[in-house]
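What follows draws every value from the coordinates through simple rules; no lab data is involved. For clarity, every value in this text was computed on a predicted model and none was experimentally measured. Cβ coordinates were reconstructed from backbone atoms using ideal geometry, including for glycine residues, and neighbour counts include every protein chain displayed.
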Amino acid sequence: MQIIKWLNEHIEECLLVILTSIMVIITALQIFMRFVLGSSLEWSEELARYCFIWMIYIGISYGVKKQRHIKVDVLMLLFKDKGKVILNMIANVIFLAFAIFIVIYGTNIAVQIFGWGQTSPGLGLPMAFVYFATPAGMSLTVIRLIQQLVKQWKFLQGSYVDKDEVIEDRETDLYGAQDNLNDRKISANEGGR
């Protein structure tokens with residue numbers, strides 16, 4: 001049970017760290033090989049590109065988990081907490097429908113590519129591995145969206161849920177960033193005297 005809890009809390013972070021590490025190591029190795037040894041690895045750029053593709057789709061899920069996706073939040077300023085939660089729920093339901101569509105469509109394409117037996121030119125990997133990044137990442141996104149919707153529903157029902165988990169307060173973030181900037185200006189001015 002602890003493993004499932006840990007995976008729920010950290011799966012995206014772990015995958016993103018692993019993929020980023022592979023990208024950095026492979027790219028550094030390629031630079032070393034090309035400029036120091038005078039020869040290059042023909043598969044390194046391909047592997048880095050495939051890691052980047054997987055990072056993008058896993059990053060979508062991570063953004064949902066942290067509630068940090070870009071969105072127009074003008075309407076949010078007009079509502080109090082419950083109104084903000086309802087608007088977020090509507091947005092999450094629309095995003096959920098889109099994510100489910102992408103999972104289904106992406107899986108169909110990946111299975112079709114797998115059936116064709118297409119392989120990558122440098123590594124010889126089945127291209128289905130790359131195409132499965134879409135349904136895998138969007139499946140994680142579906143899970144995170146459902147988790148968000150459950151938290152938001154519990155908040156509306158009056159069950160105890162941490163307000164920060166269901167309401168992303170951009171106004172606080174904005175003022176917090178502004179206060180931080182003002183503190184830096186004040187300390188810079190005092191240091192210059």
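Hydrophobic, long helices, defined as DSSP H runs whose alpha-carbon span along the helix axis is 20 Å or greater and whose mean Kyte-Doolittle value is at least 0.0, occur in the chain at 2-35, 44-66, 81-116, 133-157.
Note on residue 111 and residue 9: their simple-model spin labels are 3.7 nm apart, each label 7 Å out from Cα toward Cβ. Note on residue 66: lysines with a C-alpha under 19 Å away, same-chain residues under 8 apart excluded, are 5, 84, 151, 154, 163.
For the chain, the alpha carbon positions stretch 58, 58, 36 Å along the principal axes, listed from largest to smallest. Over the chain, dividing the summed -39,500 (n - 2.57) contributions of all DSSP H runs of at least 4 residues by the number of residues returns a 222 nm mean residue ellipticity of -27000 deg cm²/dmol.
A protection proxy built from the mean count of other Cβ atoms within 10 Å ranks the segments 85-97, 45-57, 26-38, most packed first, as 45-57, 85-97, 26-38.
Between residue 52 and residue 37, what length comes free when the chain is fully extended (0.36 nm per residue of separation minus the Cα-Cα distance, one decimal in nm)?
2.8 nm
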